[in-house]
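Rule-based calculations on the coordinates, nothing more; no lab input. None of these values were measured; they are calculated from a predicted model. No Cβ is skipped: glycine too gets one built from the backbone with ideal geometry, and neighbour counts run over all protein chains shown.
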Amino acid sequence: MFKVLKKILREFVSFVKGVNQAIIEDSVSALELEHNELEAAFLTMVLGPLVGVATLSPILSLELLEALKNEVKVLESRAVRGEDVLGDLMASLGGEW
């Protein structure tokens, strides 16, 4: 009887740990999605006035542009390479293709 109860208790603890891990993974996924959405909104706010979308004043947009120097480098490299969508896809997958 004691062995059966101990086994049930172990399985219950394992189940609770699994549920906890699933909740953590789901939370991380939700936070990553939220980060991507906020980053896209920030890029729209900063780069929008430079192309004619009235979100911020152009002066403020130019001041915030310093925070986007990595993104600007990526945009510049894509402009130089042209629209190599397949190359970008393979590069994002990693490895040598």
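Some notes on this structure:
- Cα gyration tensor category, rounded, prolate or oblate, for segment 1-60 with a/c compared to 1.5: prolate
- Cα→Cβ-extended label distance, 7 Å offset, between residue 3 and residue 39, nm: 5.4
- Other residues whose C-beta falls under 13 angstrom from the C-beta of residue 68 contribute a net charge of -3, scoring Lys and Arg +1 and Asp and Glu -1.
- Potential extension, residue 74-residue 30 segment - 0.36 nm per residue separation minus Cα distance: 13.3 nm
- Peptide ranges 28-34, 60-66 listed from the most packed, as the mean C-beta count within 10 angstrom indicates: 60-66, 28-34
- Charged neighbours of residue 25, selected by a Cβ distance under 13 Å, balance to -1 (K, R count +1; D, E count -1).
- Cβ-based exposure ranking for 42, 12, in which fewest neighbours within 10 Å come first: 12, 42
- Formal net charge of residues neighbouring residue 46 (Cβ-Cβ distance under 11 Å; K, R +1; D, E -1): -4
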